[in-house]
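So the structure is just underneath, and the comments pick up after that.
The values are calculated or read from the model by the stated rules, or taken from the named source; none is laboratory data. In this text, all values refer to a predicted model and were calculated from it rather than measured experimentally. In this analysis, Cβ positions are derived from the backbone assuming ideal geometry, glycine residues included, and neighbour counts consider all displayed protein chains. Heads up: the accessible areas ignore ligands, DNA and RNA and are worked out on the full protein's heavy atoms, side chains in. Shrake-Rupley method; radii C 1.70, N 1.55, O 1.52, S 1.80 Å.
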Amino acid sequence: MLAVYAYWDTLPDGNHTRRGTLLCSGDDDAVIGNVVLKNPGSAFPLDGEGDSLFGRKDGMLQFNPDATMYAIADLFQMDKCPGTVRLYNLMDFRDINPDRALASESLSEDNIAEDILSGPSVPTYIGWGELWKQPLLSSKAERIFRAALPNSAYRDAEMERNAFIHPLYLMRYGFNQERCVSLIKAYRACL
């Protein structure tokens with residue numbers, strides 16, 4: 001079973017941001033990996049209560065997992081290897097359309113690379129597609145990529161030579177394509 005927790009804020013215009021997302025399986029809260037994507041998608045909190053991870057009161061809400069979160073759980077084989085995956089986004093604005101999120105300029109905090117470097121030495125999967133090339137995001141994305149490189153399956157130290165395939169495509173739609181099969185295999189070898 002996949003449990004999801006995150007911080008959720010309502011903006012003055014009625015839109016929302018989601019940050020600090022944790023995907024948890026089993027009773028083990030040890031961090032087994034990181035994922036960095038574009039922006040929060042369709043997941044909403046289950047309720048408005050401050051029900052937090054493993055009983056801690058830290059303001060996190062429990063969320064209903066979306067399709068991307070289930071794909072991440074498959075990539076990390078969380079059914080076989082329980083633990084916690086930290087999910088980061090380049091932008092915190094919750095919208096399934098990354099162009100609207102980019103227009104909102106609701107960038108995530110700029111400490112993702114530092115979190116990856118200071119956290120446990122675990123694999124980091126990056127699935128932000130081509131969004132990293134946006135001028136507003138490129139330097140931040142470069143720092144995140146550099147922090148993730150030592151513990152990941154990216155084949156080239158040059159960002160532009162890597163495919164940052166979204167996990168939903170990787171695990172659901174392209175899973176039998178040669179480039180996806182090789183990326184899944186190489187990535188899982190890091191787990």
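Does residue 138 count as in contact with a helix residue (DSSP H, G or I) (Cβ under 9 Å, 6 or more places away or on another chain) and either under 24 Å from residue 6 (Cα atoms) or at pLDDT 95 or above (or both)? So residue 138 fails the test.
Per-residue answers, yes or no, for (1) crowded, with 21+ Cβ neighbours inside 10 Å; (2) farther than 16 Å from residue 27 by Cβ; (3) at pLDDT below 90:
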{"site": "49", "(1), (2), (3)": "no, yes, yes"}
{"site": "63", "(1), (2), (3)": "yes, yes, yes"}
{"site": "78", "(1), (2), (3)": "yes, no, no"}
{"site": "86", "(1), (2), (3)": "yes, yes, no"}
{"site": "92", "(1), (2), (3)": "yes, yes, yes"}
{"site": "104", "(1), (2), (3)": "no, yes, yes"}
{"site": "109", "(1), (2), (3)": "no, yes, yes"}
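The number of residues in the range 2-18 being surrounded by fewer than 19 Cβ atoms within 10 Å (Cβ to Cβ) and either touching a strand residue (DSSP E or B) at 6+ places or on another chain (Cβ under 7 Å) or not in a loop (DSSP other than H, G, I, E, B) (or both) comes to 8. Is there a residue being modelled with pLDDT under 90 and part of a loop (DSSP other than H, G, I, E, B) anywhere in the range 66-76? The answer is no, given that none of the residues of the range 66-76 is modelled with pLDDT under 90 and part of a loop (DSSP other than H, G, I, E, B). Would you please name the residue that is nearest to residue 34 (Cα to Cα), looking only at residues in the range 114-164 that are assigned to a loop (DSSP other than H, G, I, E, B), of a type in the set (Gly, Ala, Ser) and open to solvent by 40 Å² or more (accessible area, probe 1.4 Å)? The extreme case among them is 121.
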